[in-house]
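Notes follow once the structure below has been shown.
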Ligand SMILES: Cc1ncc(COP(=O)(O)O)c(C=O)c1O
(Lines give C-alpha, C1' and ligand atoms only; values in the text may rest on other atoms or scores of the structure.)
Protein backbone atom coordinates (compact mmCIF):
# COMPACT_ATOMS: atom_id res chain seq x y z
CA UNK A 1 0.00 0.00 0.00
CA UNK A 2 2.88 2.34 0.78
CA UNK A 3 6.23 3.12 -0.86
CA UNK A 4 9.86 2.32 -0.09
CA UNK A 5 10.60 5.30 2.20
CA UNK A 6 7.62 4.31 4.35
CA UNK A 7 8.92 0.76 4.60
CA UNK A 8 12.42 1.96 5.47
CA UNK A 9 11.15 4.33 8.15
CA UNK A 10 9.08 1.57 9.70
CA UNK A 11 12.13 -0.70 9.88
CA UNK A 12 14.13 2.11 11.50
CA UNK A 13 11.34 2.95 13.95
CA UNK A 14 10.84 -0.69 14.93
CA UNK A 15 14.35 -0.73 16.40
CA UNK A 16 13.60 2.03 18.90
CA UNK A 17 9.84 2.26 19.52
CA UNK A 18 7.46 -0.62 20.31
CA UNK A 19 5.68 -1.43 17.02
CA UNK A 20 7.57 1.52 15.54
CA UNK A 21 4.93 4.02 16.67
CA UNK A 22 4.03 6.14 19.69
CA UNK A 23 0.46 4.92 20.11
CA UNK A 24 -0.75 1.35 19.48
CA UNK A 25 -3.63 2.65 17.34
CA UNK A 26 -1.18 3.99 14.74
CA UNK A 27 0.21 0.56 13.92
CA UNK A 28 -1.68 -1.06 11.05
CA UNK A 29 0.69 -4.01 10.56
CA UNK A 30 4.12 -4.84 9.24
CA UNK A 31 4.64 -3.20 5.86
CA UNK A 32 1.23 -1.50 5.91
CA UNK A 33 1.72 1.19 8.54
CA UNK A 34 1.70 4.74 7.16
CA UNK A 35 4.39 7.27 8.07
CA UNK A 36 3.45 10.88 7.45
CA UNK A 37 5.44 13.82 6.16
CA UNK A 38 2.99 16.73 6.29
CA UNK A 39 -0.64 17.78 6.03
CA UNK A 40 -2.56 20.84 4.88
CA UNK A 41 -6.31 21.47 4.74
CA UNK A 42 -8.05 18.17 3.96
CA UNK A 43 -4.91 16.47 2.60
CA UNK A 44 -1.90 14.66 3.91
CA UNK A 45 1.29 13.42 2.30
CA UNK A 46 3.17 10.31 3.36
CA UNK A 47 6.97 10.13 3.57
CA UNK A 48 7.04 8.81 -0.01
CA UNK A 49 5.40 12.05 -1.14
CA UNK A 50 2.04 10.46 -1.99
CA UNK A 51 -0.98 12.72 -1.40
CA UNK A 52 -4.24 11.57 0.20
CA UNK A 53 -7.65 13.06 0.89
CA UNK A 54 -7.53 12.53 4.63
CA UNK A 55 -10.70 11.27 6.38
CA UNK A 56 -8.93 10.33 9.59
CA UNK A 57 -8.32 13.91 10.69
CA UNK A 58 -5.97 12.60 13.36
CA UNK A 59 -8.87 10.57 14.89
CA UNK A 60 -11.08 13.65 14.94
CA UNK A 61 -9.29 16.73 16.29
CA UNK A 62 -8.84 18.48 12.95
CA UNK A 63 -12.17 20.23 12.50
CA UNK A 64 -11.05 23.28 10.50
CA UNK A 65 -8.28 21.70 8.42
CA UNK A 66 -4.66 20.70 8.91
CA UNK A 67 -2.15 23.53 9.46
CA UNK A 68 -4.97 26.08 9.59
CA UNK A 69 -3.46 29.53 8.99
CA UNK A 70 -5.58 31.55 11.44
CA UNK A 71 -5.22 29.03 14.25
CA UNK A 72 -1.50 28.61 13.69
CA UNK A 73 -1.00 32.38 13.57
CA UNK A 74 -2.70 32.84 16.94
CA UNK A 75 -0.59 30.03 18.43
CA UNK A 76 2.65 31.50 17.07
CA UNK A 77 1.76 34.96 18.44
CA UNK A 78 1.00 33.51 21.85
CA UNK A 79 3.91 31.09 22.23
CA UNK A 80 6.36 33.90 21.55
CA UNK A 81 5.15 35.39 24.84
CA UNK A 82 5.97 32.22 26.80
CA UNK A 83 4.37 28.79 26.82
CA UNK A 84 4.04 27.78 30.46
CA UNK A 85 3.93 29.72 33.72
CA UNK A 86 2.24 27.57 36.37
CA UNK A 87 -0.05 30.57 36.71
CA UNK A 88 -3.40 31.44 35.24
CA UNK A 89 -3.76 33.85 32.31
CA UNK A 90 -6.60 35.80 30.74
CA UNK A 91 -6.63 33.84 27.46
CA UNK A 92 -7.43 30.56 29.21
CA UNK A 93 -10.27 32.16 31.13
CA UNK A 94 -11.66 33.41 27.83
CA UNK A 95 -11.53 29.85 26.49
CA UNK A 96 -13.32 28.56 29.59
CA UNK A 97 -15.98 31.27 29.11
CA UNK A 98 -16.47 30.21 25.49
CA UNK A 99 -16.88 26.53 26.45
CA UNK A 100 -19.47 27.50 29.07
CA UNK A 101 -21.29 29.74 26.58
CA UNK A 102 -21.33 27.10 23.83
CA UNK A 103 -22.12 23.95 25.88
CA UNK A 104 -25.67 23.89 27.30
CA UNK A 105 -24.85 21.61 30.26
CA UNK A 106 -21.59 23.22 31.32
CA UNK A 107 -21.40 25.83 34.07
CA UNK A 108 -17.80 25.37 35.19
CA UNK A 109 -14.72 23.92 33.49
CA UNK A 110 -11.25 22.61 34.23
CA UNK A 111 -8.64 21.89 31.56
CA UNK A 112 -6.64 18.74 30.93
CA UNK A 113 -4.17 17.79 28.21
CA UNK A 114 -5.86 14.75 26.66
CA UNK A 115 -9.20 13.02 26.51
CA UNK A 116 -7.79 10.34 28.80
CA UNK A 117 -7.06 12.88 31.49
CA UNK A 118 -10.43 14.58 31.07
CA UNK A 119 -12.41 11.37 31.64
CA UNK A 120 -10.08 10.28 34.46
CA UNK A 121 -10.69 13.55 36.29
CA UNK A 122 -14.44 13.47 35.61
CA UNK A 123 -14.61 9.95 37.09
CA UNK A 124 -12.63 11.08 40.17
CA UNK A 125 -14.99 14.00 40.69
CA UNK A 126 -18.06 11.78 40.24
CA UNK A 127 -16.74 9.30 42.81
CA UNK A 128 -15.89 12.06 45.24
CA UNK A 129 -19.28 13.74 44.77
CA UNK A 130 -21.32 10.57 45.28
CA UNK A 131 -19.05 8.78 47.76
CA UNK A 132 -19.43 5.66 45.58
CA UNK A 133 -16.91 3.67 43.53
CA UNK A 134 -18.64 1.80 40.68
CA UNK A 135 -18.57 3.07 37.09
CA UNK A 136 -21.04 1.83 34.49
CA UNK A 137 -19.79 1.96 30.89
CA UNK A 138 -20.97 0.53 27.58
CA UNK A 139 -19.22 -2.11 25.46
CA UNK A 140 -17.40 -0.56 22.49
CA UNK A 141 -17.11 2.89 24.04
CA UNK A 142 -13.57 4.13 24.62
CA UNK A 143 -12.82 6.74 27.24
CA UNK A 144 -9.03 6.78 27.13
CA UNK A 145 -6.08 4.81 28.42
CA UNK A 146 -6.56 4.89 32.21
CA UNK A 147 -7.44 1.75 34.16
CA UNK A 148 -10.83 3.04 35.31
CA UNK A 149 -12.56 2.70 31.94
CA UNK A 150 -10.26 0.64 29.71
CA UNK A 151 -12.75 -2.22 29.84
CA UNK A 152 -14.79 -3.86 27.08
CA UNK A 153 -13.61 -1.41 24.46
CA UNK A 154 -13.07 -4.14 21.90
CA UNK A 155 -13.21 -7.88 22.41
CA UNK A 156 -14.79 -10.75 20.47
CA UNK A 157 -18.53 -10.91 21.25
CA UNK A 158 -18.00 -14.32 22.92
CA UNK A 159 -15.68 -12.80 25.50
CA UNK A 160 -18.42 -10.34 26.48
CA UNK A 161 -20.64 -13.21 27.67
CA UNK A 162 -24.42 -13.16 27.62
CA UNK A 163 -26.17 -9.81 27.06
CA UNK A 164 -28.12 -10.22 30.30
CA UNK A 165 -24.97 -10.49 32.41
CA UNK A 166 -22.06 -9.09 30.42
CA UNK A 167 -18.48 -9.86 31.42
CA UNK A 168 -16.28 -6.75 31.67
CA UNK A 169 -13.15 -7.47 29.60
CA UNK A 170 -9.98 -5.50 30.36
CA UNK A 171 -8.49 -4.09 27.16
CA UNK A 172 -4.93 -4.50 28.38
CA UNK A 173 -2.69 -6.54 30.57
CA UNK A 174 -1.45 -4.52 33.49
CA UNK A 175 -4.86 -3.36 34.74
CA UNK A 176 -5.08 -4.50 38.38
CA UNK A 177 -7.56 -7.35 38.79
CA UNK A 178 -9.16 -5.56 41.70
CA UNK A 179 -10.36 -2.79 39.34
CA UNK A 180 -12.90 -5.34 38.12
CA UNK A 181 -14.87 -4.68 41.30
CA UNK A 182 -15.52 -1.13 40.21
CA UNK A 183 -16.81 -1.62 36.69
CA UNK A 184 -20.12 -2.72 35.21
CA UNK A 185 -20.47 -3.04 31.44
CA UNK A 186 -23.53 -3.28 29.19
CA UNK A 187 -24.22 -3.33 25.45
CA UNK A 188 -24.94 0.16 24.09
CA UNK A 189 -28.64 0.85 23.44
CA UNK A 190 -29.70 -1.93 25.82
CA UNK A 191 -32.70 -0.19 27.40
CA UNK A 192 -33.94 -3.20 29.32
CA UNK A 193 -30.48 -4.22 30.58
CA UNK A 194 -29.75 -0.69 31.70
CA UNK A 195 -32.98 -0.44 33.68
CA UNK A 196 -32.29 -3.83 35.25
CA UNK A 197 -28.74 -2.92 36.29
CA UNK A 198 -29.88 0.40 37.69
CA UNK A 199 -32.55 -1.37 39.74
CA UNK A 200 -29.93 -3.75 41.20
CA UNK A 201 -26.89 -1.51 41.55
CA UNK A 202 -28.07 2.08 41.01
CA UNK A 203 -27.35 3.10 44.58
CA UNK A 204 -23.74 1.89 44.36
CA UNK A 205 -22.95 3.50 41.02
CA UNK A 206 -20.89 6.70 41.10
CA UNK A 207 -21.17 7.45 37.39
CA UNK A 208 -22.64 6.24 34.17
CA UNK A 209 -20.21 7.28 31.46
CA UNK A 210 -21.06 7.09 27.79
CA UNK A 211 -20.12 8.50 24.45
CA UNK A 212 -23.27 10.02 22.90
CA UNK A 213 -22.75 7.81 19.84
CA UNK A 214 -20.17 5.01 19.71
CA UNK A 215 -17.42 7.22 18.35
CA UNK A 216 -15.01 4.33 18.76
CA UNK A 217 -17.25 1.71 17.20
CA UNK A 218 -18.59 2.79 13.81
CA UNK A 219 -20.28 5.89 15.28
CA UNK A 220 -23.33 3.77 16.23
CA UNK A 221 -26.08 6.23 17.16
CA UNK A 222 -28.05 6.16 20.38
CA UNK A 223 -31.56 4.90 19.69
CA UNK A 224 -34.38 7.34 20.40
CA UNK A 225 -34.73 7.79 24.12
CA UNK A 226 -31.54 5.96 25.19
CA UNK A 227 -29.61 9.01 26.38
CA UNK A 228 -32.84 10.31 27.95
CA UNK A 229 -33.22 7.02 29.83
CA UNK A 230 -29.67 7.37 31.16
CA UNK A 231 -30.49 10.93 32.26
CA UNK A 232 -33.69 9.83 33.99
CA UNK A 233 -32.26 6.81 35.80
CA UNK A 234 -29.03 8.50 36.92
CA UNK A 235 -31.14 11.26 38.42
CA UNK A 236 -33.40 8.73 40.13
CA UNK A 237 -30.47 6.86 41.72
CA UNK A 238 -28.23 9.87 42.43
CA UNK A 239 -25.45 8.83 40.00
CA UNK A 240 -23.40 11.29 37.97
CA UNK A 241 -24.09 11.15 34.23
CA UNK A 242 -20.81 11.77 32.36
CA UNK A 243 -21.23 12.40 28.64
CA UNK A 244 -17.91 11.79 26.93
CA UNK A 245 -17.90 14.36 24.13
CA UNK A 246 -14.22 13.93 23.29
CA UNK A 247 -15.18 13.08 19.70
CA UNK A 248 -18.58 14.77 19.32
CA UNK A 249 -17.75 18.04 21.12
CA UNK A 250 -17.32 21.05 18.82
CA UNK A 251 -17.87 18.69 15.87
CA UNK A 252 -21.50 17.58 15.48
CA UNK A 253 -22.78 20.98 16.75
CA UNK A 254 -21.15 23.99 18.39
CA UNK A 255 -22.70 22.73 21.62
CA UNK A 256 -21.81 19.09 20.87
CA UNK A 257 -24.15 16.16 21.46
CA UNK A 258 -25.71 17.87 24.46
CA UNK A 259 -27.06 20.54 22.08
CA UNK A 260 -27.78 18.05 19.27
CA UNK A 261 -29.89 15.77 21.50
CA UNK A 262 -31.08 18.41 23.98
CA UNK A 263 -29.66 16.37 26.85
CA UNK A 264 -28.09 17.74 30.03
CA UNK A 265 -25.49 15.42 31.56
CA UNK A 266 -24.00 16.28 34.95
CA UNK A 267 -20.47 16.33 33.56
CA UNK A 268 -19.08 16.35 30.03
CA UNK A 269 -15.60 15.77 28.68
CA UNK A 270 -14.01 17.41 25.64
CA UNK A 271 -10.73 17.28 23.71
CA UNK A 272 -10.11 16.71 19.98
CA UNK A 273 -11.97 19.44 17.99
CA UNK A 274 -11.57 21.86 20.88
CA UNK A 275 -8.07 22.75 19.72
CA UNK A 276 -7.97 21.78 16.01
CA UNK A 277 -5.06 19.48 16.84
CA UNK A 278 -3.28 21.47 19.54
CA UNK A 279 -3.09 19.58 22.84
CA UNK A 280 -5.97 20.62 25.03
CA UNK A 281 -8.87 18.87 26.74
CA UNK A 282 -11.49 19.91 29.26
CA UNK A 283 -14.19 18.59 31.51
CA UNK A 284 -17.01 20.51 33.05
CA UNK A 285 -20.62 20.51 34.07
CA UNK A 286 -22.88 21.42 36.95
CA UNK A 287 -21.56 24.06 39.31
CA UNK A 288 -22.65 22.02 42.32
CA UNK A 289 -20.48 19.08 41.24
CA UNK A 290 -17.49 20.96 39.78
CA UNK A 291 -17.33 23.14 42.91
CA UNK A 292 -16.04 20.26 45.01
CA UNK A 293 -12.73 20.42 43.10
CA UNK A 294 -10.17 22.05 45.36
CA UNK A 295 -12.22 21.19 48.46
CA UNK A 296 -10.64 17.87 49.24
CA UNK A 297 -10.77 16.78 45.59
CA UNK A 298 -7.55 16.83 43.60
CA UNK A 299 -7.26 17.97 39.99
CA UNK A 300 -4.38 19.58 38.15
CA UNK A 301 -1.38 19.11 35.91
CA UNK A 302 1.74 20.98 34.88
CA UNK A 303 0.61 21.30 31.26
CA UNK A 304 -3.15 21.81 31.69
CA UNK A 305 -3.02 25.40 30.45
CA UNK A 306 -0.17 24.99 27.94
CA UNK A 307 -0.16 27.96 25.58
CA UNK A 308 -0.29 26.09 22.26
CA UNK A 309 -3.39 24.23 23.48
CA UNK A 310 -5.06 27.29 24.95
CA UNK A 311 -4.29 29.50 21.95
CA UNK A 312 -5.36 26.72 19.56
CA UNK A 313 -8.67 26.41 21.40
CA UNK A 314 -9.15 30.19 21.52
CA UNK A 315 -8.74 30.50 17.76
CA UNK A 316 -10.77 27.37 16.97
CA UNK A 317 -13.75 28.26 19.16
CA UNK A 318 -13.69 31.89 17.94
CA UNK A 319 -13.98 30.62 14.35
CA UNK A 320 -16.70 28.08 15.19
CA UNK A 321 -18.71 30.85 16.86
CA UNK A 322 -18.33 33.39 14.11
CA UNK A 323 -18.77 31.32 10.91
CA UNK A 324 -21.19 28.57 9.82
CA UNK A 325 -18.34 26.06 9.86
CA UNK A 326 -20.13 23.01 11.23
CA UNK A 327 -23.16 23.65 8.97
CA UNK A 328 -20.84 23.65 5.95
CA UNK A 329 -19.14 20.44 7.06
CA UNK A 330 -22.57 18.91 7.63
CA UNK A 331 -23.69 19.73 4.08
CA UNK A 332 -20.59 18.24 2.48
CA UNK A 333 -20.57 15.23 4.81
CA UNK A 334 -24.22 14.53 4.01
CA UNK A 335 -23.42 14.56 0.29
CA UNK A 336 -20.58 12.11 0.90
CA UNK A 337 -22.79 9.81 3.00
CA UNK A 338 -25.62 9.93 0.45
CA UNK A 339 -23.24 9.26 -2.43
CA UNK A 340 -21.65 6.28 -0.69
CA UNK A 341 -25.11 4.93 0.20
CA UNK A 342 -26.10 5.10 -3.50
CA UNK A 343 -22.93 3.27 -4.53
CA UNK A 344 -23.59 0.37 -2.14
CA UNK A 345 -27.26 0.27 -3.15
CA UNK A 346 -26.42 0.20 -6.87
CA UNK A 347 -24.12 -2.75 -6.19
CA UNK A 348 -26.62 -4.60 -3.97
CA UNK A 349 -24.37 -4.51 -0.94
CA UNK A 350 -26.34 -3.96 2.28
CA UNK A 351 -24.82 -1.03 4.18
CA UNK A 352 -25.98 0.57 7.42
CA UNK A 353 -24.87 4.18 7.81
CA UNK A 354 -24.36 5.52 11.31
CA UNK A 355 -23.12 8.71 12.95
CA UNK A 356 -23.40 12.27 11.68
CA UNK A 357 -22.21 13.93 8.48
CA UNK A 358 -19.12 15.32 10.26
CA UNK A 359 -18.29 11.91 11.71
CA UNK A 360 -19.91 8.87 10.12
CA UNK A 361 -19.36 5.24 9.41
CA UNK A 362 -20.97 2.32 7.61
CA UNK A 363 -21.25 -1.36 8.34
CA UNK A 364 -21.49 -3.73 5.37
CA UNK A 365 -23.55 -6.87 4.92
CA UNK A 366 -25.91 -6.25 7.83
CA UNK A 367 -29.41 -4.76 8.14
CA UNK A 368 -29.08 -2.93 11.46
CA UNK A 369 -26.39 -2.07 13.98
CA UNK A 370 -27.23 -0.92 17.49
CA UNK A 371 -24.21 -2.05 19.54
CA UNK A 372 -20.73 -3.47 19.16
CA UNK A 373 -22.03 -7.04 19.29
CA UNK A 374 -24.18 -6.38 16.15
CA UNK A 375 -21.35 -4.55 14.45
CA UNK A 376 -19.08 -7.57 14.88
CA UNK A 377 -21.45 -9.44 12.55
CA UNK A 378 -20.76 -7.00 9.72
CA UNK A 379 -18.47 -7.80 6.80
CA UNK A 380 -15.31 -6.22 8.15
CA UNK A 381 -13.10 -8.01 5.60
CA UNK A 382 -14.96 -6.28 2.79
CA UNK A 383 -14.76 -2.94 4.60
CA UNK A 384 -11.00 -3.36 5.04
CA UNK A 385 -10.49 -4.48 1.46
CA UNK A 386 -12.24 -1.31 0.24
CA UNK A 387 -10.20 0.87 2.60
CA UNK A 388 -6.93 -0.59 1.31
CA UNK A 389 -8.01 -0.09 -2.33
CA UNK A 390 -9.12 3.49 -1.56
CA UNK A 391 -5.77 4.26 0.07
CA UNK A 392 -3.96 3.02 -3.04
CA UNK A 393 -6.04 5.55 -4.98
CA UNK A 394 -5.33 8.45 -2.63
CA UNK A 395 -8.41 8.42 -0.34
CA UNK A 396 -7.62 7.62 3.28
CA UNK A 397 -10.25 6.55 5.83
CA UNK A 398 -8.86 4.74 8.87
CA UNK A 399 -7.70 1.16 8.46
CA UNK A 400 -9.76 0.14 11.50
CA UNK A 401 -13.46 -0.20 10.62
CA UNK A 402 -14.41 0.98 14.10
CA UNK A 403 -12.99 4.42 13.42
CA UNK A 404 -15.45 6.84 11.79
CA UNK A 405 -14.74 8.97 8.74
CA UNK A 406 -14.04 12.52 9.91
CA UNK A 407 -14.58 15.64 7.79
CA UNK A 408 -13.06 19.07 8.18
CA UNK A 409 -14.09 22.53 6.93
CA UNK A 410 -11.50 22.42 4.18
CA UNK A 411 -12.72 19.22 2.54
CA UNK A 412 -14.08 20.66 -0.70
CA UNK A 413 -16.93 19.56 -2.95
CA UNK A 414 -14.24 18.42 -5.39
CA UNK A 415 -12.73 16.19 -2.66
CA UNK A 416 -16.15 14.64 -2.05
CA UNK A 417 -16.59 14.04 -5.82
CA UNK A 418 -13.15 12.46 -6.06
CA UNK A 419 -13.87 10.21 -3.07
CA UNK A 420 -17.18 9.09 -4.57
CA UNK A 421 -15.49 8.34 -7.91
CA UNK A 422 -12.88 6.21 -6.15
CA UNK A 423 -15.49 4.28 -4.12
CA UNK A 424 -17.75 3.83 -7.18
CA UNK A 425 -14.84 2.22 -8.99
CA UNK A 426 -13.54 0.01 -6.20
CA UNK A 427 -16.99 -1.19 -5.11
CA UNK A 428 -17.82 -2.06 -8.72
CA UNK A 429 -14.50 -3.96 -8.98
CA UNK A 430 -15.21 -5.89 -5.83
CA UNK A 431 -18.69 -6.77 -7.05
CA UNK A 432 -17.17 -8.09 -10.30
C1 LIG B 1 -14.68 9.32 23.33
C2 LIG B 1 -13.24 9.36 23.70
N3 LIG B 1 -12.89 9.60 24.98
C4 LIG B 1 -11.60 9.67 25.36
C5 LIG B 1 -10.59 9.49 24.44
C6 LIG B 1 -9.15 9.59 24.86
O7 LIG B 1 -8.60 10.75 24.34
P8 LIG B 1 -7.02 10.92 24.20
O9 LIG B 1 -6.59 10.04 23.08
O10 LIG B 1 -6.85 12.38 23.90
O11 LIG B 1 -6.42 10.55 25.50
C12 LIG B 1 -10.91 9.24 23.11
C13 LIG B 1 -9.86 9.05 22.09
O14 LIG B 1 -10.08 8.64 20.98
C15 LIG B 1 -12.26 9.19 22.72
O16 LIG B 1 -12.63 8.95 21.46
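The values are calculated or read from the model by the stated rules, or taken from the named source; none is laboratory data. Small disclaimer: the values here were computed from a predicted structure and weren't measured. Note that each Cβ is placed from the backbone with ideal geometry, even for glycine, and that neighbours are counted across all protein chains shown.
Okay, residues lined up against (1) within 18 Å of residue 403 (Cβ to Cβ); (2) out of contact with any helix residue (DSSP H, G or I) (no Cβ under 6 Å at 6 or more places or on another chain); (3) assigned to a loop (DSSP other than H, G, I, E, B); (4) within 16 Å of the ligand (Cβ to nearest atom):
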site	(1), (2), (3), (4)
7	no, yes, no, no
22	yes, yes, yes, yes
30	no, yes, yes, no
37	no, yes, no, no
40	no, yes, no, no
49	no, yes, yes, no
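Applying the condition of being over 16 Å from residue 184 (Cβ atoms) and out of contact with any strand residue (DSSP E or B) (no Cβ under 7 Å at 6 or more places or on another chain) to the stretch 126-147 and asking which residue is farthest from the ligand (Cβ to nearest atom) yields 131.
When residue 321 is tested against the conditions (1) loosely packed, with under 15 Cβ neighbours inside 10 Å; (2) within 23 Å of residue 66 (Cα to Cα); (3) touching a strand residue (DSSP E or B) at 6+ places or on another chain (Cβ under 9 Å), the lone failure is (3). How many residues does the stretch 301-341 contain that are outside any helix (DSSP H, G or I) and without any contact (Cβ under 8 Å) to a residue 60 or more places away in the chain? Qualifying residue count, the stretch 301-341: 2.
Is it true that some residue in the stretch 73-95 is touching a strand residue (DSSP E or B) at 6+ places or on another chain (Cβ under 9 Å) and either crowded, with 22+ Cβ neighbours inside 10 Å or more than 30 Å from residue 420 (Cα to Cα) (or both)?
Initial filter on the stretch 73-95 (touching a strand residue (DSSP E or B) at 6+ places or on another chain (Cβ under 9 Å)): 92, 95.
Next cut, either crowded, with 22+ Cβ neighbours inside 10 Å or more than 30 Å from residue 420 (Cα to Cα) (or both) only: 92, 95.
The answer is yes; a qualifying residue exists.
Here residue 73 meets each of (1) assigned to a helix (DSSP H, G or I); (2) within 16 Å of the ligand (Cβ to nearest atom) with one exception, condition (2). Per this entry, residue 157 is counted among residues that are at pLDDT below 95 and in contact with a helix residue (DSSP H, G or I) (Cβ under 8 Å, 6 or more places away or on another chain). The single residue among 79, 123, 99, 93 that is within 20 Å of residue 181 (Cβ to Cβ) and in the same structural domain as residue 273 (by TED's automatic domain parsing) turns out to be 123. Determine whether the stretch 111-125 contains at least one residue that is within 16 Å of the ligand (Cβ to nearest atom), surrounded by fewer than 21 Cβ atoms within 10 Å (Cβ to Cβ) and not in a helix (DSSP H, G or I). Yes, the stretch 111-125 contains at least one residue that is within 16 Å of the ligand (Cβ to nearest atom), surrounded by fewer than 21 Cβ atoms within 10 Å (Cβ to Cβ) and not in a helix (DSSP H, G or I).
Against the numbered list (1) in contact with a helix residue (DSSP H, G or I) (Cβ under 8 Å, 6 or more places away or on another chain); (2) within 30 Å of residue 208 (Cα to Cα); (3) crowded, with 16+ Cβ neighbours inside 10 Å, residue 298 comes up short only at (3).
Just checking, does the stretch 77-94 include any residue being touching a residue at least 40 places away in the same chain (Cβ under 8 Å), assigned to a helix (DSSP H, G or I), more than 16 Å from the ligand (Cβ to nearest atom) and within 24 Å of residue 288 (Cα to Cα)? For the stretch 77-94, residues touching a residue at least 40 places away in the same chain (Cβ under 8 Å), assigned to a helix (DSSP H, G or I), more than 16 Å from the ligand (Cβ to nearest atom) and within 24 Å of residue 288 (Cα to Cα): present. On inspection, residue 306 fails the criterion of being assigned by TED's automatic domain parsing to the domain that holds residue 119 and within 23 Å of residue 330 (Cβ to Cβ).
Consider residue 403 carefully, then state whether it is surrounded by fewer than 16 Cβ atoms within 10 Å (Cβ to Cβ) and either in a loop (DSSP other than H, G, I, E, B) or not assigned by TED's automatic domain parsing to the domain that holds residue 24 (or both). It is false that residue 403 is surrounded by fewer than 16 Cβ atoms within 10 Å (Cβ to Cβ) and either in a loop (DSSP other than H, G, I, E, B) or not assigned by TED's automatic domain parsing to the domain that holds residue 24 (or both).
Tallying residues that are more than 14 Å from the ligand (Cβ to nearest atom), under 21 Å from residue 406 (Cα atoms) and part of a loop (DSSP other than H, G, I, E, B) within the stretch 230-271 yields 3. Of the residues making up the stretch 151-181, those that are in contact (Cβ under 8 Å) with a residue 40 or more places away in the chain and buried (at least 19 other Cβ atoms within 10 Å of the Cβ) are 153, 160.
Only residues that are more than 20 Å from residue 190 (Cα to Cα) and either outside any loop (DSSP other than H, G, I, E, B) or touching a strand residue (DSSP E or B) at 6+ places or on another chain (Cβ under 6 Å) (or both) were counted in the stretch 351-371, giving 7. Within the stretch 272-298, the residues that satisfy the criterion of being in a helix (DSSP H, G or I) and within 14 Å of the chain's Cα centre (by Cα) are 272, 273, 274, 275.
For the stretch 1-37, the set of residues classified as in contact with a strand residue (DSSP E or B) (Cβ under 9 Å, 6 or more places away or on another chain) and either within 24 Å of residue 144 (Cβ to Cβ) or touching a residue at least 24 places away in the same chain (Cβ under 8 Å) (or both) consists of 2, 3, 5, 6, 34, 35, 36, listed by residue number.
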